[in-house]
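Novice: Structure in structure tokens, see below.
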Amino acid sequence: MSYNPPGTSSRKPPAAARPSTRGSVPRMGTGYRVAGTAARPGSRAGAPQGALSSQIRVADRPVTQQGLAGMKTGSKAGLEQRTVQDRSYYMGMLLSKTQELNGEISKMTREIDAFEQDNATYLTYEKKAESLAAEIRDLQGEMADLNTLMDKLNTNSSLEDITAECNTLARHSDHQTRAIETLFSERQGLEREIKSLEADIAQEKQAAEGLISQMDPAVQKRFFDLKEISVQLEKDLEQRQAELEVVSKKLQALEEVYVVLVACQRGCLF
């Protein structure tokens, strides 16, 4: 018996022994497969023991978007973590935090500038709105005058009557204007008199202070004591006047009650 190496006995037969698929001979079934396929590593029929007998699964290998890749050697966070946190590490952290603070300060500065610009725009619009409101009031007055004129025309009033009424209103307006100007002039005169009196009072006060400063110390002390007594007496007088008003109101109420009682008694007697 000749020795055959493993796997050589399952070699394919020669071409002459293969069945022909072109002739009338029917095709052989799938059971007539090459016997050598049963000895392939990892097949279901069995395999020889050794390094080739290990099961290889493609799913065990990591898959990326580009295809199969090798195992990762470490994480990014682990590489960034420093083992020794020395002075340069803290200086870097301080520099990064300073940059963040500067960024926030710049952001807040821009927001403040935008707010100030909006506020200035709002003030401009507010002034414009006030001027437009005054213009609207003037136009409303003119519209009221025109409506009055239309009413007069619709009531078959003559043009002479309307003109006479306009002249009367104009004379009345002129009279009122002259009266207002007179009152304004009187007010200005009273304001000038008040200012003059205030200046005189200030001058007299300065003169009184000069006289007081020239007094003897004993006289000055007596003067200030009397001034304090005068102020206290003024306060007491105001308090007594308030109490007197309260008592007067109570007395008036009692008198009214007394009059009513007397009237009732007289009515009962008769």
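The values are calculated or read from the model by the stated rules, or taken from the named source; none is laboratory data. Not measured: the values here are computed from a predicted model. When we count neighbours, we look across all protein chains shown, and the Cβ atoms used for this are built from the backbone with ideal geometry, even at glycine. The protein model used for the area step is the full one, side chains on, heavy atoms only, and it has no ligands, DNA or RNA in it. Shrake-Rupley method; radii C 1.70, N 1.55, O 1.52, S 1.80 Å.
Novice: For Met143, what accessible area in Å² do you get when you roll a 1.4 Å probe over the heavy atoms of the protein chains, rounding to the nearest 10?
Specialist: 110 Å²
Novice: Further, regarding this structure: What list of ³J(HN,Hα) couplings, whole Hz, do you get for region 182-193 from phi and the Karplus terms 6.51, -1.76, 1.60, once you set θ to phi - 60° and write x for glycine and proline?
Specialist: 5, 4, 5, 5, 5, 4, 4, x, 5, 5, 5, 5
Novice: Full extension from Leu153 to Ile180: what is 0.36 nm times the residue separation minus their Cα-Cα distance, to one decimal in nm?
Specialist: Separation in residues times 0.36 nm, less the Cα-Cα distance, equals 6.4 nm.
Novice: What distance in nm lies between label points placed 7 Å from Cα along the C-beta direction at Leu254 and Gln206?
Specialist: A separation of 5.6 nm, rounded to one decimal place.
Novice: What nm value, rounded to one decimal, do you get for the distance between Gln85 and Asp236 when each label is placed 7 Å out toward the C-beta?
Specialist: Going from the Gln85 label point to the Asp236 one covers 7.9 nm.
Novice: Turning to a different aspect of this structure: Under the Karplus relation 6.51 cos²θ - 1.76 cosθ + 1.60, θ = phi - 60°, what is the ordered set of whole-Hz ³J(HN,Hα) values for region 150-162, x standing for Gly and Pro?
Specialist: So the Karplus estimates, Gly and Pro as x, are 5, 4, 4, 5, 6, 8, 6, 7, 7, 5, 5, 5, 5 Hz.
Novice: Follow-up question, since we're still on this one. What is the distance, in nm, between label points placed 7 Å from the Cα along the Cα-to-Cβ direction at Thr109 and at Ala129?
Specialist: Taking the two extended label points, one gets 3.3 nm.
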